[in-house]
1. When you look at Y500, is it touching a residue at least 60 places away in the same chain (Cβ under 8 Å) and within 16 Å of L425 (Cβ to Cβ), yes or no?
2. Could you tell me whether S405 is modelled with pLDDT of 95 or more, open to solvent by less than 40 Å² (accessible area, probe 1.4 Å), over 24 Å from the mean Cα position of the chain (by Cα) and among the hydroxyl-bearing types (S, T, Y)?
3. Which one is nearest to the ligand (Cβ to nearest atom), of the residues in the stretch 388-402 that are buried (at least 18 other Cβ atoms within 10 Å of the Cβ) and either modelled with pLDDT of 95 or more or outside the structural domain of E350 (by TED's automatic domain parsing) (or both)?
4. Can you find a residue in the stretch 229-244 that is surrounded by fewer than 17 Cβ atoms within 10 Å (Cβ to Cβ), assigned to a loop (DSSP other than H, G, I, E, B) and within 16 Å of the ligand (Cβ to nearest atom)?
5. State all residues of the stretch 24-45 that are open to solvent by 20 Å² or more (accessible area, probe 1.4 Å) and modelled with pLDDT of 95 or more; if no residue qualifies, say none.
6. Please verify whether A199 is touching a residue at least 24 places away in the same chain (Cβ under 8 Å), small (G, A, S) and within 20 Å of T373 (Cβ to Cβ), treating the condition exactly as stated.
7. Quick one: how many residues across the stretch 259-286 are of a type in the set (S, T, N, Q) and open to solvent by 30 Å² or more (accessible area, probe 1.4 Å)?
8. Any idea which residue in the stretch 202-214 is nearest to the ligand (Cβ to nearest atom), counting only those that are surrounded by fewer than 21 Cβ atoms within 10 Å (Cβ to Cβ) and touching a residue at least 12 places away in the same chain (Cβ under 8 Å)?
Amino acid sequence: MEFDEFAERADRIESLSGDHDKVDEVADLLSDAGTDEVRVVARFVQGRVFPDWDDRKLDVGPSLLYDALALAGEPTADEIEERVAETGDVGEAAARLGTGGQQTFGSTTETVSDVYDAFESLASKEGEGSQETKTRELGSLFMDTPPRSAKHLARLVLGEMRLGVGEGTVRDGIVSAYGVDTELVERGIMLTNDVGEVAEVARDEGNEGLRSLEMVVGRPVKPMLAQASTVDNVFSDLSADEAVVQTKYDGARVQAHVGEETRLFSRSLEDLTDSLPDVVETVEDAVRSDEAILDAEVVAVSDGEPLPFQEVLRRLRRKYRVEEMRDEVGLELHVFDVLYDSDDGAVIEETLKERQDRLADAVDDEAVARTATVEDTDGVRREEADALDAGHEGVVVKHPESVYSPGRRGKNWLKIKPEPETLDLVVTGGEWGEGRRASLVGSYLLSVRREQGYETVGKVATGLTDETLEELTERFEELVVSEVGKEIEFKPEVVFEVGYEEIQRSPVYTSGYALRFPRFLGVRDDKSVEDADTLERLERLYEND
Ligand code: AMP
């Protein structure tokens, strides 16, 4: 399939608002993709280049992309940046590279596979001079690309396709294109963590092929996530008579793959193996099976006492001074689940109780997370008190009969922490309210700090009383920089303390993250914007989530 045809289809998908229509278009797109291209197309349409388990990255940020676009077209990188700021969309800016805002050159027959090959080449560039090489390679890719293709190419490079196509849409598209079962497609995506592979198997081998898909040791799956709860609510949230209570260790999530070699992956599926040689050794000593995939937390310790999670982060992804840091920050491993076992392959469809039995067989006791089964709220409270006394963060309460659902956050795992984390964020904008609040600034745009400038991370409107809104509206009056419609830009001077449920990845805000259920807790008059939280802290909190 020519990339320009993919782009035309992408335009169409973008313009549709109904989910069903989008699914139909995605199904058509998959059906029409060339034999060798369905894997790539299934990923591209979701804004992904490589399988989710694959930790290769294009590593192209906005400024490299603008430089590449400038090489390919008339405007300078600064002009392109301005256009992106005006339209809020790098795709639109890329589509207008030629004279008079319309690109006049380029009408190649580049295929989807050609683009994928070019991306593989970009991802392989590392080290000295790689930025320049990447800019050149990417520039030449755009040089041959007609406007519509340039638009989607630019968005793809930054991982924001904006087609409104998530995993569910592609799953349903595969079901409709190849007449296979939804549950089997969903299971396949969970186990392989590659929507492209599932699409190809569904097309070539149907339900039979999907049924034989397996987890592969060495390819990480998405970790299951926990939802926040309180001790008093756990039993009603779980709707169970019994609960499995585990210590919540305050460190970094690690998925350990034991096979011919041992590999460790982070929560975001990055390969951590080289930075954690001591954890590799611990895993190898503790695990009694030939092959296993384990879910665990590693915690920094000193004299047997747990240290704050920031200490673990000093060890992750480190390329240099690995051995030195290993002596400085000791790590302890706490395995809390097993996803794959040599004898039976993937065991995520078993209940937690069954998996806990497997865990006890497969891993030495010292490396297993503290786990208890309780039948009432007092039991949960006792376990929590013990965990806190031992210097840990709290407990995670789990449904005894629950399966392991990769990438899902639901009521089967509940995290209970006495003190939720808050963020101190800089207010960089706002929006006039509606109705009764029309004369008040009703919501505030929040940003984290960078070395230079700010990146947005969300809007807060919850937790603000009418009285506070009046005070804030008056206070922000003198900080207005500009107003467009209902939106206001403020000079960054005020810091809000904000609570939230969790941090999510999101293309909506410039930080690349968004807060789920942000709520206003107060103005931090004791803090200046220089004291506000940084993008780095946000990233760390996300990693630890
Ligand atoms: P939070 O970081 O507060 O969102 O809590 C969820 C995180 O707690 C998970 O992603 C794990 O990294 C960590 N965690 C620590 N101990 C456990 C445990 N026993 N079960 C599940 N997650 C745990």
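1. Considered against the rule, which asks whether it is touching a residue at least 60 places away in the same chain (Cβ under 8 Å) and within 16 Å of L425 (Cβ to Cβ), Y500 comes out as yes.
2. Considered against the rule, which asks whether it is modelled with pLDDT of 95 or more, open to solvent by less than 40 Å² (accessible area, probe 1.4 Å), over 24 Å from the mean Cα position of the chain (by Cα) and among the hydroxyl-bearing types (S, T, Y), S405 comes out as no.
3. The extreme case among them is V396.
4. yes
5. Listed by number, the residues that qualify are D24, E25, D28, S31, D32, R39.
6. When the stated conditions are applied, A199 does not pass them.
7. Residues meeting the conditions: 2.
8. It comes out as E214.
The values are calculated or read from the model by the stated rules, or taken from the named source; none is laboratory data. Predicted model only: the values in this text are computed from it and were never measured. Note that we place each Cβ from the backbone using ideal geometry, even for glycine, and neighbour counts take in every protein chain shown. Only protein heavy atoms, including side chains, enter the accessible area calculation; ligands, DNA and RNA are left aside. Shrake-Rupley method; radii C 1.70, N 1.55, O 1.52, S 1.80 Å.
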